[in-house]
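The values are calculated or read from the model by the stated rules, or taken from the named source; none is laboratory data. Please read these numbers as outputs of a predicted model, since none were measured by experiment. Here Cβ is always computed from backbone atoms with ideal geometry, including for glycine, and neighbour counts include all displayed protein chains. For the accessible areas, the whole protein counts, side chains as well, though only heavy atoms, and no ligand, DNA or RNA atoms are used. Shrake-Rupley method; radii C 1.70, N 1.55, O 1.52, S 1.80 Å.
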Amino acid sequence: MDTARLLRTLPSLLAAGAIALLGAGVVTVVAHAGAAPPAAPVGAHGGGHGTHAGHAGRSVTDLTGPRDGVPDVAFTLTARHAAVTLPTGATVDALTFDGTAPGPELRVRAGQLVEVTLRNLDVDEGVTLHWHGLDVPNAEDGVAGVTQDAVVPGGEHVYRFRPEQVGTFWYHSHQDSARTVPRGLFGVLVVEPAAGSGPDAVLAAHTWDDVGTVVDGPARRDTVGRVRLVNTDSVTQDWTVTGGPFTVLAIDGTDVDGPTPLRGTVLRVPAGGRLDVGLTGPATVGIVDGPAVGFGTDPEPPAGDGPVFDPLHYGTPAPPETGPFDRDLTQVLDTERVTQRGVPSIVWTINGSLHPEPATVTDGELVRVTIRNDGTDPHPMHLHGHHVRVLSRDGVPATGSAWWTDSLGVEPGETYEVAFRAANPGIWMDHCHNLAHASAGMVMHLLYEGVSTPFEHGGGAGNTPE
Ligand code: C2O
Ligand code: CU
């Protein structure tokens, strides 16, 4: 969808800020930041956490992972067109990393220096690598037009970072993502503990045009301890486990403390989200009304009639932050009906705008965000570079184990309060992971005071991250 054209047809969104932002993309973001007195202390919100004045006036390109040192583990991923045979036997004309979709599973250990070289053989749309859920330094975040230029055919880009989070993550291109991720430019990234780890299996579910939802799983399907569910789609996936009781070991790459046994529960995984399930014996793990995989047993159809898993009250209680918060942000998500050239259609907005103004924070702040969905569609909200902790939903406080998320499914009518520490300077995308919504403009940025970027939307590389 051409959002610029759409905006011209949508008078209610013709706020000067939104237009300026659309016209020049993130460059305008930087112009806004630069227009403020340089390195001005943010007295109003400085709180007791300091403003790290020494960090002011930095470019995204300086906020890299370790540039020196021999990597502990190195990968090369080559983006290219390939015919891929799916587990169903169907063959699709895909965009791939190394000729497979999902791309190669990357396994690393916490604390290792990881180096990934991205090459683009023949993907004309351009390619980047974004490490979904891994809070890497900003320059390694892989967002075209914000943290780098899209890698064009024949080009190359090197990412280096040292992951400290242990858990289940995934990677995908963040250039023209609404068109290229559904066609195959994604894979799974697992960070194992620095030492030791039990057996595990990855189940990555993806919906292919003309084929339907497919679960990519391991060749060996013995009983395993941990099954990592990865939703690489733009819509929610409901999973269930048939067989013995099971636990939820981790959400979005963060372990649950004190997981208790569940039976028949529906595991609702938002777009982009991950859940690690602990099996206690032979069991079937599958998508409700979709494909299923048997571990130590033949697959059974997943029932899917149980209650929906609620992380708000699961695990050993750990009371969330009560503040004081240095900054309060609000995101009102909405669905608006518009008419384009006489054709009625729908757009999804944040605070009434497509591509709203960035939210500015200062390094070190404790930030609370209220996210309210006034619309009619679910919105899986994804903030790059940070994990947010859920404080409450619809006024009901979180009473379980700390629920940290990077992909929060906000259903129509719901209001979440979440909090995070702004401790990873940069310019970070904050968007709906229904990639069609993002591509239509449901994207904003979290801008650390004093950080700028030389990259721009459009430009020579044709950067269009959504
Ligand atoms: Cu999965 Cu903006 O990313
Ligand atoms: Cu959305």
_Under Karplus coefficients 6.51, -1.76 and 1.60, residue-wise ³J(HN,Hα) of the stretch 89-100 in Hz, glycine/proline x_ = x, 5, 10, 10, 8, 10, 9, 10, 9, 6, x, 10
*Could you pull the accessible area for Trp348 with a 1.4 Å probe, rounded to 10 Å²?*
40
*How much accessible area does Val151 have with a 1.4 Å probe, in Å² rounded to the nearest 10?*
10
_Roughly how far apart, in whole Å, are the Cα centres of the stretch 417-466 and the stretch 159-187?_
15
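Compute the accessible area per residue over the stretch 419-466, keeping the other protein chains in place, probe 1.4 Å, unit Å². Write down the numbers at each step before the final one.
Details: 1160 Å² over 48 residues.
Solvent-accessible surface per residue comes out at 24 Å².
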*Between the helical axis of 26-35 and the dominant principal axis of the chain, each derived from Cα atoms, what acute angle in degrees is found, rounded to the nearest 10?*
50
*asked:* Give me the 1.4 Å probe accessible area per residue for the stretch 199-309, excluding ligands and nucleic acids, in Å².
replied: 39
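Report in % the part of the accessible area of the chain that belongs to carbon and sulfur, leaving out ligands and nucleic acids; probe 1.4 Å.
Working: 9350 of 17630 Å².
Whole-percent figure for carbon plus sulfur exposure: 53.
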_Quarter of the Cα convex hull surface for the stretch 339-410, i.e. its orientation-mean projected area (nm²)_ = 6.6
_Compactness of the chain - radius of gyration and Dmax, Cα, Å_ = 21.4, 65
*Relative contact order [Cα under 8 Å, 6+ residues apart], the chain, whole percent*: 18
*Could you list which residues have their amide H under 5 Å from that of Gly315, counting only those 5 or more apart in sequence or on another chain, with H placed in the peptide plane?*
Thr260, Ser401
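Against the empirical 2.2 N^0.38 Å scaling, what ratio does the C-alpha Rg of the stretch 199-309 come to?
Values: Rg = 12.6 Å, N = 111, 2.2 N^0.38 = 13.2 Å.
The value comes to 0.96.
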*Could you give the accessible area per residue of the stretch 317-360, probe 1.4 Å, as a whole number in Å²?*
51
*If ligands, DNA and RNA are left out, what is the accessible area of Ser452 with a 1.4 Å probe, given in Å² to the nearest 10?*
40
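Roughly how big is the stretch 199-309's charge dipole about its Cα centre, with Cβ charges of +1 (Lys, Arg) and -1 (Asp, Glu), in debye to the nearest 20? Walk me through the numbers on the way to the answer.
Values: 7 positive and 15 negative charges, 59 e Å.
My answer is approximately 280 debye.
Calculate how many DSSP beta bridges within the chain are antiparallel, expressed in % of all such bridges and rounded to the nearest 5.
Numbers: 90 of 121 bridges.
Expressed as a percentage, antiparallel bridges in the chain total about 75.
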*With runs of 4+ DSSP H residues as the only contributors, calculate the mean residue ellipticity of the chain at 222 nm using -39,500 (n - 2.57) per run, divided by the residue total and rounded to the nearest 500.*
-2000 deg cm²/dmol
